[in-house]
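First up is the structure itself, then whatever we jot down about it.
The values are calculated or read from the model by the stated rules, or taken from the named source; none is laboratory data. Treat the numbers as computed from the prediction; the structure is a model and nothing was measured. Neighbour counts are summed over all protein chains in view; Cβ atoms, including those assigned to glycine, are modelled from backbone coordinates with ideal geometry. In case anyone asks, the SASA skips ligands and DNA or RNA and just uses the protein heavy atoms, side chains included. Shrake-Rupley method; radii C 1.70, N 1.55, O 1.52, S 1.80 Å.
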Amino acid sequence: MRIGRRALLLGAATAGATLARPSTPRLAITGEESVVRRLVAAERRIRVPSGDGPEVAAWTFADEPLPVIRLRQGERLQARLENRLPEPISIHWHGIRVPNAMDGVPYLTQEPVMSGQGFDYDFVPPDTGTFFFHTHCNTIEQLSRGLAGVLIVEGDEVVPHDAELVLVLRDWRIDAAGAFTPFTSDAAAAKAGTFGRLRTVNDRVAPVLDVPAGGDVRLRILNVDATRIAELGVEGAEAAVIATDGNGLPPLPLTSWRLGPAMRLDLTLRAPGPGQEAVLYDYFAPEPVPLARLRGTGPARPDRPFAPAALRPSDFAEPDLARADKLRLTFQTSAIASEIVLKDGQVLRLADNLCLSAATHWAIDRRSWPEQGHQALPPPLFELVQGRSYVIELVNATQYQHPIHLHGLTFQVLDPRQGAVGQRADTVLLGPRDRTRIAFVADTPGDWMLHCHIIEHQETGMMGWFRIT
Ligand code: C2O
Ligand code: CU
């Protein structure tokens, strides 16, 4: 904690609880307000599903397996990371427009945080919304073992909700005894990826969560799984999409919404009457999978039309579409990549080498960046000029889906997807052979990652970086 700042020490808030406003002690010191958190990455034995499952040797950032950090817009986050794990780690603040040095990408923006060492993350998140944080090092294993948390920046509600729930979707790759099953395989990495056996919401299986009967409830839904794409829908209640990746949009009645890894969806839901239930489903499965049940409690509220209010938009520079530079990125399999950059920086021409690295399956613009070689930086995919507007066409030349994430900025999705107009996001899901255009102003200088957030795709070639100067 720094002198001269008003510090706010956050009490432990867990995603599992119905999060109204947590009462947090505020120490009155003069100056700016800070939220101070110590995140101690360590192995912790937790029960999965929480409460009654077998013991799992999870890797987490805190004693509560899914720490939730809440800030009000304008507050500073001072997060001290300590690494008590046997391997290097880092923290990436997904979707937050941080200064580049706080972005948490080993070799690109900081040194990896070695075992026994620490790192101080310190920034003021500029935008409100639902975000998360995760390791960016050996991500398939570290994320699968649990290294993630939620970051919420409050201040976007014009009309307050009656209650709020944070719902974190993730699979656990564990067997019935709680032992981890393989996080990846070569065959799966070349396809849709490795799925966990146990599907959870807030580390529970289809939990029953109380909501105020007839009230308007904000659901902050986060897909932090490394692989699974969910198609979310609600039965037994009306609901509207109010934000994507934390960014408000004109409320859109929810039919269903496809949520890839790393994507977030905020809903306003009219809670069912006393004792009644609404069910959140994933329809992207042979049989709809119930993810959570929302049970109305307390006295019924008077009937009134369901008219969710729009969130207050964040303050983004509007891209100048007429003058924007146009770029295109093609996501493909490495089988048609013309060259592969190896970990020692050597460039392999495919014609010269029939034996591709067993662990390289994917490419962006015919280039792969193998995970083992994070430290051997390939050249940037493109270089952008700070303050200028860009439109990037993202082309999926494969038959798989890819949630494409850009670090460091929030983009506008130009081609309406899933019925949403004026959508802003940091991750956009491309369907097979799909394409879409995104637009943004290159506002923060630095070196930023761009990759598929199906982590096995990322780690087997579908990642790159770009520079803003
Ligand atoms: Cu959540 Cu590099 O990403
Ligand atoms: Cu992918």
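Tabulated data for the structure shown
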item: For segment 203-234 and segment 57-114, distance of Cα centres in Å; result: 24 Å
item: Gyration tensor (alpha-carbon) shape descriptor, the chain, a/c threshold 1.5; result: rounded
item: Separation in nanometres of the label points that stand 7 Å from Cα toward Cβ, at ALA420 and ARG47; result: 3.6 nm
item: By accessible area with a 1.4 Å probe, ligands and nucleic acids excluded, highest first: order of THR181, THR200; result: THR181, THR200
item: Sequence-distant residues sharing a close amide H with ARG70 (under 5 Å, placed H); result: ILE152
item: Heavy atoms of HIS453: accessible area, 1.4 Å probe, square angstrom to 10; result: 0 Å²
item: Förster radius 35 Å - calculated FRET efficiency between VAL158 and ALA57 (Cβ-Cβ, nearest 0.05); result: 0.20
item: Residues of segment 375-395 with amide N under 17 Å of the 7 Å Cα→Cβ point at ALA322; result: 389-391
item: Cα gyration tensor shape for segment 202-336, rounded if a/c is under 1.5, else prolate or oblate; result: oblate
item: Loop-exposed trypsin sites (Lys or Arg not before Pro) per DSSP, neighbour cap 12 Cβ within 10 angstrom, longest uninterrupted part of the chain; result: 1-196
item: Rough spin-label spacing in nm, given labels placed 7 Å along Cα→Cβ, for ASP186 and GLN399; result: 2.1 nm
item: Three-way shape call for segment 381-469 based on the alpha-carbon gyration tensor, with the a/c threshold at 1.5; result: oblate
item: Using θ = phi - 60° and Karplus 6.51 cos²θ - 1.76 cosθ + 1.60, couplings along segment 148-155 (whole Hz; Gly, Pro as x); result: 7, x, 10, 10, 10, 10, 8, x
item: Accessible-area composition of the chain, carbon plus sulfur, in percent [1.4 Å probe]; result: 52 percent
item: Förster radius 41 Å - calculated FRET efficiency between VAL385 and ALA307, Cβ distance, rounded to 0.05; result: 0.45
item: Fraction of antiparallel bridges per DSSP, segment 1-309 only, in percent to nearest 5; result: 65 percent
item: Vicinal HN-Hα couplings computed from phi for segment 458-464 (Karplus, 6.51 cos²θ - 1.76 cosθ + 1.60; Hz; Gly/Pro x); result: 4, 7, 10, x, 8, 8, x
item: Solvent-accessible surface ranking, highest first, for ASP122, ASP443, ASP225 at 1.4 angstrom; result: ASP443, ASP122, ASP225
